[in-house]
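Heads up: the structure comes next, in structure tokens.
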Amino acid sequence: MKLSTKHLIAIEPLTKTDIDLIFSQADEFKEVLNRPIKKVPSLRDITVANLFFENSTRTRLSFELAEKRLGADVVNFSASTSSVKKGETLIDTVNNILAMKVDMVVMRHASPGACQFLSERTNAVVVNAGDGTHEHPTQGLLDAFSIREKLGAVKGKKVVIVGDITHSRVALSNIYCLQKLGAEVMVCGPTTLIPKHIESLGVKVEHNLQRALEWCDVANMLRIQLERQDAGIPYFPSLREYTELFGLTQDRLNSLGKEIVIMHPGPINRGVEISSEVADGNNSIILNQVENGVAIRMASIFLLAQGIKRVS
Amino acid sequence: MAKKITLINGGLLNMIIQRLCRQLIENHKDFSSTILIGLQPRGVFFMERIVEEFAKSGHVVKWGIVDPTFYRDDFRIHDKPLLAKSTDMKHSVEGMNVVLIDDVLYTGRTIRAGMEGLMEYGRPKSVELLVLIDRKKGREVPIEATYVGKEVESFDNQRVRVMWKSEGEKEDHVIFLND
């Protein structure tokens, strides 16, 4: 059994078999991560470049740890300290890096489709670490993997994604991944932050948080992406009003009369979309998501690297 | 269609396993500082069979399962990807006498990878190798078994496979497959 794709650009084209394969390998990498020696030598002759044209802490660290724990050589690049500031194009920057014999590129970019564009123009394996408002496939995978770990299965579970759906690549990757694994997905947020026609993806839409929480087994709380919202025309009157209507508090959780699993892809804006009490509470699997992120990225890279044939 | 020939039937295999167990008891006494390590995928069935045999005579023995996949030297060479199987190591091997167990010894490369995987769990005092079938021809690395169930002369186009009751077979037996 092997992955149906050479690159990992999005969840949308993946099959359920691909996702199950990644999960089965992530299970074994979780075991590796709990050993005294958390490193295996499988990728010792592979070089990975992490190209981050957008800021990131968690994803970048998680990818770098995953690569290093697979034994790969790693080079890091961030746009803020590079020649991109001097006017270099994406393809020139990447070609220069690839000329240094890099086998795999992990890229985050503000433009949707940047990873697809790159994969069509290079021989290296491309892994999308978030392209604008399009997809963030490894986040989608690790979220579904964390639900599977917590609840035993994804199939048949009801998951609500709450917040800024319009600007969220995490939401799109989650929708595709969860649906392929047989979960029911609902999105919840103010009308202005839910894309028009999102029902065509087969998701339910709800604008009342209380009703959404009563429906779900899992609530994935997203951050308001102020950096992606056009300046000048606000999407909602104020953050305070947003918190009143869509913020997840302990009181709201207590009112449900049932336990639900709380997730957040980070970074958290405490007191806005989620209260500290909920984020740090017993039902929260936020830190499990971070731990699983390394295992999922190790599994994805391990499987993708097998498409890079060794030349003797 | 591969031609199947039964090499060892259930009765004979049983006798071989009993003999191997007696040899282990002779060398390891009460097993207090011994641990059996089955190599994924097929060495695990064999190890479980040995643990079961020991249980019959009241011997309790520590065991673990190591998957050699991450340490293999043929990563990115075949079209079929290498996929990891479960590792289950509840005990450290630090200072222990390890008996590494696999069903068939052929090129020796799986055993080499398995030994590298094993060392992630500590520095054993000693490592021995127990195999059910030793295919004498075809070794590619200098590895030999300490305990051998049966030596088999075979050609490269032949495969030797051990079939276990625990994987749904009627009885434990060993077959030759001529490609």
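The values are calculated or read from the model by the stated rules, or taken from the named source; none is laboratory data. Bear in mind that the values here come from a model prediction, so they are computed numbers and not experimental data. Every residue, glycine among them, receives a Cβ derived from its backbone with ideal geometry; neighbour counts consider all protein chains shown. When the accessible area is computed, the model is the full protein with side chains, heavy atoms only, and any ligands, DNA or RNA have been set aside. Shrake-Rupley method; radii C 1.70, N 1.55, O 1.52, S 1.80 Å.
Numbers at a glance
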| quantity | calculated |
| --- | --- |
| Test: residue in segment A:37-46 that is in a helix (DSSP H, G or I), open to solvent by less than 40 Å² (accessible area, probe 1.4 Å) and either within 14 Å of chain B (Cβ to nearest Cβ) or of a type in the set (Gly, Ala, Ser) (or both) | no |
| Test: residue in segment A:262-276 that is within 14 Å of chain B (Cβ to nearest Cβ), assigned to a loop (DSSP other than H, G, I, E, B), of a type outside the set (A, V, I, L, M, F, W, C) and open to solvent by 40 Å² or more (accessible area, probe 1.4 Å) | no |
| Contacts under 7 angstrom Cβ, first residue in segment A:130-155 being of a type in the set (Phe, Trp, Tyr), partner in a helix (DSSP H, G or I) and at pLDDT 95 or above, 6 or more apart | A:Phe145/A:Phe23; A:Phe145/A:Ala26; A:Phe145/A:Asn292; A:Phe145/A:Ile296 |
| Counted residues, segment B:104-131 - those being more than 14 Å from chain A (Cβ to nearest Cβ) and either more than 26 Å from B:Leu13 (Cβ to Cβ) or surrounded by fewer than 22 Cβ atoms within 10 Å (Cβ to Cβ) (or both) | 9 |
| All positions within segment A:86-98 that are at pLDDT below 80 and in a loop (DSSP other than H, G, I, E, B) | A:Gly87, A:Glu88 |
| Any hit, segment A:57-64, residues being among the hydroxyl-bearing types (Ser, Thr, Tyr) and surrounded by fewer than 16 Cβ atoms within 10 Å (Cβ to Cβ) | yes |
| Test: A:Ser62 is within 11 Å of chain B (Cβ to nearest Cβ), assigned to a helix (DSSP H, G or I) and hydroxyl-bearing (Ser, Thr, Tyr) | no |
| Residue tally, condition away from every other protein chain (no Cβ under 12 Å) and of a type in the set (A, V, I, L, M, F, W, C), over segment A:277-312 | 9 |
| Residue within segment B:29-44 that is in contact (Cβ under 8 Å) with a residue 60 or more places away in the chain, in a helix (DSSP H, G or I) and basic (Lys, Arg) present | no |
| Count of segment A:99-131 residues which are in a loop (DSSP other than H, G, I, E, B) and touching a helix residue (DSSP H, G or I) at 6+ places or on another chain (Cβ under 7 Å) | 3 |
| Residue check for A:Lys6: surrounded by fewer than 16 Cβ atoms within 10 Å (Cβ to Cβ) and either closer than 27 Å to B:Glu94 by Cα or in contact with a strand residue (DSSP E or B) (Cβ under 9 Å, 6 or more places away or on another chain) (or both) | yes |
| Qualifying residue in segment B:87-99 (condition: more than 28 Å from B:Glu153 (Cα to Cα), facing chain A (nearest Cβ under 10 Å) and buried (at least 22 other Cβ atoms within 10 Å of the Cβ)) | no |
| Failed condition for B:Arg76, given (1) more than 8 Å from chain A (Cβ to nearest Cβ); (2) part of a loop (DSSP other than H, G, I, E, B); (3) basic (Lys, Arg) | (1) |
| Pair list, Cβ < 6 Å and 6+ apart or interchain, from segment A:169-184 residues that are within 12 Å of A:Asp143 (Cβ to Cβ) and open to solvent by 10 Å² or more (accessible area, probe 1.4 Å) to residues that are part of a helix (DSSP H, G or I) and of a type outside the set (Asp, Glu) | A:Val170/A:Gln139; A:Leu181/A:Ala144 |
| Residue match in segment B:64-86 (condition: touching a residue at least 12 places away in the same chain (Cβ under 8 Å), under 17 Å from the mean Cα position of the chain (by Cα) and more than 30 Å from A:Ala26 (Cβ to Cβ)) | no |
| Residue in segment A:225-245 that is among the β-branched types (Val, Ile, Thr), more than 23 Å from the chain's Cα centre (by Cα) and open to solvent by 30 Å² or more (accessible area, probe 1.4 Å) present | yes |
| Boolean, A:Ile11 is open to solvent by less than 10 Å² (accessible area, probe 1.4 Å), at pLDDT 95 or above and assigned to a loop (DSSP other than H, G, I, E, B) | yes |
